[in-house]
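Enquirer: Have a look at this one before I ask anything.
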Amino acid sequence: MTTPASAVPERASAKTSGGGCPVRAGESAVPLSGPEFHTDPQVLFRAMRSEHGPVVPVELPGGFPAWLVIGYRELHQVTSDGELFPRDVALWNQWDHIPEDWPLLPMVGRPMPSIYFTAGAEHRRHAEMVGQALEEFEPYEIRQGCEQLADRLIDGFCERGSADLIADFAVPLPVLVLARLIGFPDADGARIAEVLRDLADGGPDAQEAHLRFGEHMQRLLATRRASPGDDVTSRMLAYPGVFTDEEYVLDLMAITAAGHLPTADWIGNSLRLMLTDPQFATALSGGRHSIAEAMNEVLWEDAPTQILAGRWAARDTQLGGRSIRAGDMVLLGLGAANTDPHIRQQLSTLPGGSVQGGNSAHLAFSHGEYRCPFPAQEIAEVIARTGIEVLLDRLPDLELSVPAQTLVRRQSAFLRGMTVLPARFTPVRPTGDLL
C-alpha cells in the first residue's frame with residue numbers, strides 16, 4: 001500500500017511538517033518503503049527493535065512522520081486505550097501539509113462518518129449497526145455459499161493441471177462471497193475485486209479507485225432500498241438507528257475493503273505455508289486439523305495486515321520511552337508485535353511451547369474497541385478455511401510448480417501477501433455449475 005517517496009509530491013518533509021517525530025541523537029526515522037518489507041520483514045523488524053526499541057520513528061512516503069509500534073506490550077497498551085489513542089484521523093497534526101493527491105490518503109482516510117474513521121460514541125453507533133447486520137448470518141450458510149463459489153472457481157482451471165492460486169482462487173473467492181453477503185449479484189464480484197486491488201496498492205490509481213468503489217456502493221444501496229433482500233445492506237437499512245446515505249455507503253465500503261484483501265492474503269499465505277513447509281504436509285492429504293494450524297501459524301508469523309493505520313494521540317504522552325505529541329500518527333505494527341521476543345518468551349512457557357496449538361493471543365485482528373469486529377473475524381475464518389478445504393479436497397496432489405525462493409510478495413509495507421502462487425496438479429473434471 002505504499003509507493004516510493006519519489007512518486008509522491010514533495011510538498012512537505014519530516015523536517016518541515018510539524019517537526020517530525022522527535023528522534024534521539026544519532027537516530028534517524030525509518031522510511032516505510034523498500035524491498036526489506038517485501039522479502040523478510042521480520043529481519044527488518046528485529047533490526048528496528050534493536051536500534052529503536054518498541055516504538056520506532058518512521059517516515060511515510062512524502063516525508064510525513066509517524067510512530068510505528070512494534071512492541072507487543074506497547075501495542076496492547078495503545079489499542080486498549082481508545083481515549084488516549086483514538087482512531088480519530090481528524091486529530092492528525094499533519095493535515096496542513098498533506099497534498100490532495102497523496103497516494104496513501106484513501107488508506108489513512110479523512111474525517112468522515114464511517115465505522116472506520118470515527119471515534120468514541122459515534123464509532124460505537126456505527127459498530128452496533130454493522131455488527132448486528134453481520135451477526136445475523138449463520139456460519140453454515142456462509143460455508144455453503146463459499147463451497148459453491150470455491151467449486152465454481154476451481155472448475156475454471158481444474159482441467160488445465162496448473163493454476164496461479166492467487167489470481168485464480170485466493171483473490172476472487174473472498175470478494176465473491178462478500179459480494180453475495182452484502183447484496184451484490186455474483187456478476188459484480190470481479191469488478192469489485194478490481195477496484196479493491198487498485199485501492200489497496202496505494203498507487204496512482206488509488207484515488208480514482210476509491211471513487212469507483214463508492215459509486216458501486218451507492219448503486220447497491222439504491223437497489224436494496226427499492227428491493228430489500230437477505231443481505232447486509234438490507235439489514236443495515238432496516239436497523240432502527242438513523243443514518244444518512246453517505247454513512248451507509250461508507251460503512252459498506254469499510255466492510256468490503258477490510259474483509260477482502262486480508263482474507264485473500266490469509267488464504268494465499270496459508271497455502272504457501274502448506275506447499276513449502278514439510279511440517280504442514282499432512283494438510284495436503286486431507287488433514288483438516290493441519291489446515292487450522294497452518295492458518296493460525298500465518299496469523300502469528302505472516303499476518304496479512306502487517307501495519308495498520310492508525311491511531312492518533314489525543315494529548316502529549318509517553319509510550320515505550322518516547323515522547324508522543326498530541327496529534328501524532330501511531331501506526332500499529334501488528335506483524336512485528338506478534339514476533340516480539342517478550343510475548344514469544346511467555347508463549348514458550350505454555351503447554352506445547354508454540355503458537356501452532358491454537359493460541360489466539362496474536363494481534364492479527366488488532367485489539368480493543370477498534371479491533372476487527374468479532375462477526376467479521378468469524379466470516380473471514382469461514383471463508384478462508386472453507387476455501388482451502390475445498391481446494392485440497394478437489395486437488396489432493398497440489399504442489400508448487402516453481403522454486404519456493406522465487407515467490408514474490410506484494411510490494412507493500414502494510415499488507416503482506418503473495419503476488420503469484422503457481423501450482424500444478426493432476427487434471428480433474430469440473431463438477432459443473434452447482435449454483
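Taken together, the values in this text are just the output of simple stated rules run on the coordinates, not laboratory data. Predicted, not measured: the structure shown is a model, and the values here were computed from it. Methodologically, a virtual Cβ is constructed for each residue, glycine included, from the backbone with ideal geometry; neighbour enumeration extends over all protein chains shown.
Enquirer: Given +1 on the Cβ of Lys and Arg, -1 on the Cβ of Asp and Glu, and no further charges, what dipole in debye does the chain carry about its Cα centre, rounded to the nearest 20? If you can, show how the numbers build up before the last one.
Expert: Details: 36 positive and 56 negative charges, 150 e Å.
Dipole of the chain, to the nearest 20 debye: 720 debye.
Enquirer: Here is a further query. Any chance you could list the semi-axes, whole Å, largest first, of the equivalent ellipsoid that the Cα gyration tensor gives for the stretch 89-201, using √(5λ)? It would help to have the intermediate numbers written out before the result.
Expert: Values: eigenvalues 229, 93, 17 Å².
The three semi-axes for the stretch 89-201 are 34, 22, 9 Å.
Enquirer: For the chain, treating each Cα as an identical point scatterer without solvent, what Debye log10 I(q)/I(0) comes out at q = 0.08, 0.09, 0.11, 0.12 1/Å?
Expert: -0.44, -0.56, -0.86, -1.03
Enquirer: So if I take the alpha carbon set of the stretch 144-212, get Rg, then get Rh from the Kirkwood formula, what is the Rg over Rh ratio? Let's see the in-between values first.
Expert: Values: Rg = 13.3 Å, Rh = 13.0 Å.
Rg divided by Rh gives 1.03.
Enquirer: When the Kirkwood radius is taken over all Cα pairs of the stretch 184-257, what Stokes-Einstein diffusion coefficient follows at 37 °C and 0.692 mPa s, in µm²/s? It would help to have the intermediate numbers written out before the result.
Expert: On the way: Rh = 12.9 Å.
D = 255 µm²/s.
Enquirer: Starting from the Kirkwood Rh over alpha-carbon pairs, what translational D in µm² s⁻¹ does the stretch 212-251 have by Stokes-Einstein at 25 °C and 0.890 mPa s?
Expert: On the way: Rh = 10.2 Å.
The Stokes-Einstein estimate is 241 µm²/s.
Enquirer: A follow-up question, please. Which order results if Cys158, Cys146 are arranged by neighbouring Cβ count within 10 Å, fewest first?
Expert: Values: Cys158 20, Cys146 24.
Sorted ascending by nearby Cβ count, the order is Cys158, Cys146.
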